[in-house]
1. Could you give the dipole magnitude of the stretch 2-139 about its Cα centre, charging the beta-carbon of Lys and Arg +1 and that of Asp and Glu -1, in debye to the nearest 20?
2. Please compute the net charge surrounding S226, taking Lys and Arg as +1 and Asp and Glu as -1 over other residues with Cβ under 13 Å from its Cβ.
3. Over the stretch 2-139, what lengths in whole Å, largest first, do the semi-axes of the equivalent ellipsoid take, defined as the square roots of 5 times the eigenvalues of the alpha-carbon gyration tensor?
4. Amide H of I268: which non-local residues (sequence gap of 5 or more, or other chain) have their own amide H closer than 5 Å, using H built in the peptide plane?
5. Give the long-range amide H neighbours of H11: residues separated by 5 or more places, or on another chain, with amide H under 5 Å away, using H modelled in the peptide plane at 1.01 Å from N.
6. Which one is right for this structure if Rg/Rh (Cα atoms, Kirkwood Rh) is calculated from it: (1) 0.97; (2) 0.94; (3) 1.15?
7. Only Lys, Arg, Asp and Glu count, each charged at its Cβ (+1, +1, -1, -1), so figure out the dipole size of the chain about its Cα centre, rounded to 20 debye.
8. Among F117, G158, Y63, pick out the residue whose Cα is farthest towards the positive end of the charge dipole of the chain, where Lys and Arg carry +1 and Asp and Glu carry -1 on C-beta, about the Cα centre.
Amino acid sequence: MKISIDIGYGHTKVKTEEKEFKFPTAVALAKTQMIETSSTLFEGKKYLVGEEALRSAIMTRDYAFLYKYSPLLIFEAIRLAGCLNEKELEIHTGLSLYDLEKKAEFNAECVNRKEEFKKRVGSFVVNDEQYKHKIVLFAQGQGSWSDFCSEHGYLDKGYEVLIDIGYRTNDILVFKDGSPNKAVSQADDKGINIIVAELRTILNKQYDITLTEQEVSEILKEKSISIYGAEKDLSNIISGVVDNYIDTIFSHLKAEFGSILKSSKRVIISGGGAYILKEYKDIFPSNIVFNHKGMYEFSNVRGYFNG
């Protein structure tokens, strides 16, 4: 059986043959009184995962978090998909270009993070049960490109660019004549977390309230916050933060990919950040496009699943 899992720093997205769903990429140490009912045992400690972990979630902004907790998040994805009893799962997942070829950080036997991540998630123990699965690893954004092209067609000639705006990273994949150009493609760590961090600081100063990154991400989506039961509209504040972010990201893209962006037949925007940028699509060049399917955060798992 095959399952596709996109472990984002904001949400983990999942696709099987029957369904698509997501849950917050939130992990927290379980409190004593909650251990018997809802926690998961992993590497000697008990954790809450997903919605139950939001209020006291561990920070989720680097590869170390991804490496340490991905087995736990994959277990939760498999559990929610109803696949725990499947003995030979084929798991399609991804890792950002920002991390793929970097030197291995935790396993000296591995050449790079790509290799050590595959080993980490391919075999693990949760709740005293051993899980071993076949791992097919893609570059983050590769699934989104495949998903877009499956609906809009593949280009045989010329350049196209896919910009996958995630929580932690922006993955910029360049394709020429229908094939990936690895030498030009790159990634940075200036994802939506930049917006979240700035908004979190503003809310702390304005309302004297401490929020987790996951909670601020929900506020960013809803554009409001509840203070003592009263809803406060944050549209203007968020608009200002987003405007600054767009200026920054497009200045960087022009500096790094100016000529390619100009000559590209299409520049595909995907990932969770597509929801934010689509509100500003009227000010973008005409070659910037969005997937008509919507549900942008699921574009990678859709592509991974069929890859």
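Values quoted throughout were computed directly from the atomic coordinates according to the rules given, and no laboratory measurement underlies them. Only a predicted model underlies this, so the values are computations on that prediction, with no experimental measurement involved. As a convention, Cβ positions derive from the backbone with ideal geometry for all residues, glycine included, and neighbour counts pool all protein chains shown.
1. For this selection, approximately 240 debye.
2. On the way: positive: K223, K232; negative: E215, E218, E222, E231, D233.
So the environment of S226 carries a net charge of -3.
3. Working: eigenvalues 99, 64, 44 Å².
Equivalent ellipsoid of the stretch 2-139: 22, 18, 15 Å, largest first.
4. Distant-sequence amide H within range of I268: V161, L162, I163, V289.
5. T25
6. (1)
7. 420
8. About the Cα centre, the residue reaching furthest to the positive side is G158.
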